[in-house]
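The values are calculated or read from the model by the stated rules, or taken from the named source; none is laboratory data. What you see is a predicted model, and the numbers here were worked out from it, not measured in a lab. Note: ideal-geometry Cβ built from the backbone for every residue, glycine included; neighbour counts use all protein chains shown.
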Amino acid sequence: MGVNTNTSPAMVTQTYLLPNLLALFPKKPGGSISPHFKEAYDGYNEWVKCTIGYFFSVEVYNAEMPLLAALAWPLASEQELRAILDYMTASFMLEEMTDRGSSAKALKNSQIWIQTLSKGQPDTASRHPFIKLLSKEMVARMKAAVDPFHWPQFISANVEFAKTTIREALDREASQGVQTVRDLQSYMITRRESIGTRPCLVLMRSTRRLYIPDQVLEHEVVAEMENTALDMVYIANDIYSFKKEQGDNGALNNIITVIQKDPDTSHLDLQGSIDYAGRLFKAALDNFESCRRRLPSIDSDMDKYLSAYADGLMDWVVGNIEWSVVNCRYKVFCNDSDRRSNVIRLKQRSVPPSLSPLLCSILLVVFIVAYCYGFTTQLLTRLPYYTSHSFSFPNHF
């Protein structure tokens, strides 16, 4: 596509066509959304309001985690949704604690975070407000809701996730001031872990009472099925978050940007790179279905668990897409017509040289105030749409 729809010197809008990922799927096996969404939404947001500081709470509200939880875990109970939201908030906290500063600081904070998650408190006293909140109440709610069989797997998955955040900090530190070209294959392997979804899959197995031991999860076909589901999660996430990330930091850590930099695909323009990402998603889906057909037969109970796990993975993949296309954080589509047509509009703004720094500062303050007010108003007007128990996406948009 790549059509210029505005020739104004102050703003140029290009339109691009996103792949219709939802059209690749039938309905989610677990249903459209958890019937406990409304209660979880109200309870969680009240907790955020009373517990978390204003600036961090704005980020939390903007992420719309209750909606993601209810869409990706449609079979979760109210208590389980609340625990899932605790965990999603905790992983959000880890990101805040490690994505700035030195790798040494990231290492220390990651260690404290995982100690608190696994033991209920860190090995040494911490004054960090996130750690205090985690140890005071969040870990207890998580442990009460997660099946005891799955708790060790949950902690193990988070240990690996914490290690990933440390590696990211080391990579970030090593690449400062260095122009590097990332190849697509290495990015995809790393992104599969950095997306942070593996612990969420343990929580999904817990909500469905799927007692699959580690040795079965490590079976070649089962592990490949899980990996291809993770591939679909991060590819979709990168596609739908590209617009936001481009405005934030040039989408440096996004598969579309990596496709444009990889020597084998650098000849593609932006629309071609988006299309290529869509083909990677479809290839992952085909591989997932192939793995599902080749799942090992162990015994009747385990075979049922594995089949149900495949269903749960599909719920997670589709729920993630459903959340991505409507949440306020990404603001993928400008209007309903664009959403139905999968048209994304990317704007490039230029500030006239004569605009004074003082005026720029004033405009920035006005923008922040307007954004916060507009977000709050928009969320309130959309709440009835989200909280309907018949929540669905007709014809996949």
With respect to L346, determine if the residue is in contact (Cβ under 8 Å) with a residue 24 or more places away in the chain, under 26 Å from P19 (Cα atoms) and either among the β-branched types (V, I, T) or surrounded by fewer than 20 Cβ atoms within 10 Å (Cβ to Cβ) (or both).
-> yes
When you go through N62, N45 one by one, which is the residue that is part of a helix (DSSP H, G or I), surrounded by 13 or more Cβ atoms within 10 Å (Cβ to Cβ) and in contact with a Cys (Cβ under 8 Å, 6 or more places away or on another chain)?
-> N62
Restricting the stretch 98-117 to residues that are in a loop (DSSP other than H, G, I, E, B) and over 22 Å from the mean Cα position of the chain (by Cα), the residue that is modelled with the highest pLDDT | S102
State yes or no: is P19 touching a helix residue (DSSP H, G or I) at 6+ places or on another chain (Cβ under 7 Å), surrounded by fewer than 19 Cβ atoms within 10 Å (Cβ to Cβ) and in a loop (DSSP other than H, G, I, E, B)?
-> no
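The rows are residues; the columns are (1) touching a Ser or Thr at 6+ places or on another chain (Cβ under 9 Å); (2) modelled with pLDDT of 95 or more.
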residue	(1), (2)
K163	yes, no
L201	no, yes
T207	yes, yes
L210	no, yes
Single condition L71 does not satisfy, out of (1) surrounded by fewer than 17 Cβ atoms within 10 Å (Cβ to Cβ); (2) in a helix (DSSP H, G or I) = (1)
The stretch 219-261: number of residues that are of a type outside the set (G, A, S), in a loop (DSSP other than H, G, I, E, B) and either touching a strand residue (DSSP E or B) at 6+ places or on another chain (Cβ under 8 Å) or farther than 18 Å from Q185 by Cα (or both) = 1
Only one of these is of a type in the set (G, A, S) and either modelled with pLDDT under 50 or touching a helix residue (DSSP H, G or I) at 6+ places or on another chain (Cβ under 7 Å) (or both): S341, S350. Name it.
-> S350
Does F92 satisfy the condition of being among the hydrophobic types (A, V, I, L, M, F, W, C), under 29 Å from S34 (Cα atoms), surrounded by fewer than 18 Cβ atoms within 10 Å (Cβ to Cβ) and under 18 Å from the mean Cα position of the chain (by Cα)?
-> yes
Which members of the stretch 118-149 meet the condition of being in a loop (DSSP other than H, G, I, E, B), hydrophobic (A, V, I, L, M, F, W, C) and over 24 Å from the mean Cα position of the chain (by Cα)?
-> A125, F149
Give me a count of the residues in the stretch 257-307 that are within 23 Å of the chain's Cα centre (by Cα), surrounded by 15 or more Cβ atoms within 10 Å (Cβ to Cβ) and among the acidic types (D, E).
-> 1
G196: touching a residue at least 40 places away in the same chain (Cβ under 8 Å) and not in a helix (DSSP H, G or I), yes or no?
-> yes
What number goes with the only condition from (1) in contact (Cβ under 8 Å) with a residue 40 or more places away in the chain; (2) farther than 15 Å from E168 by Cβ; (3) charged (D, E, K, R) that K119 does not pass?
-> (1)
All conditions in (1) at pLDDT 95 or above; (2) farther than 30 Å from P296 by Cα; (3) under 16 Å from the mean Cα position of the chain (by Cα) are true of Y234 except (2)
Condition test on Q185, is it assigned to a helix (DSSP H, G or I), at pLDDT below 95, among the polar types (S, T, N, Q) and surrounded by fewer than 20 Cβ atoms within 10 Å (Cβ to Cβ)?
-> yes
Residue selected from the stretch 46-81 under the condition more than 26 Å from D315 (Cβ to Cβ) and free of Cβ contacts under 8 Å to residues at least 12 places away in the same chain, by the criterion nearest to the chain's Cα centre (by Cα) = S57
Is it the case that the stretch 220-228 has a residue that's of a type outside the set (D, E), over 24 Å from R339 (Cα atoms) and in contact with a Pro (Cβ under 8 Å, 6 or more places away or on another chain)?
-> yes
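Yes/no matrix, rows are residues, columns are (1) within 20 Å of N62 (Cβ to Cβ); (2) assigned to a helix (DSSP H, G or I); (3) touching a Cys at 6+ places or on another chain (Cβ under 7 Å):
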site: P296; (1), (2), (3): no, no, no
site: M302; (1), (2), (3): no, yes, no
site: A308; (1), (2), (3): no, yes, no
site: D315; (1), (2), (3): no, yes, no
site: R339; (1), (2), (3): yes, yes, no
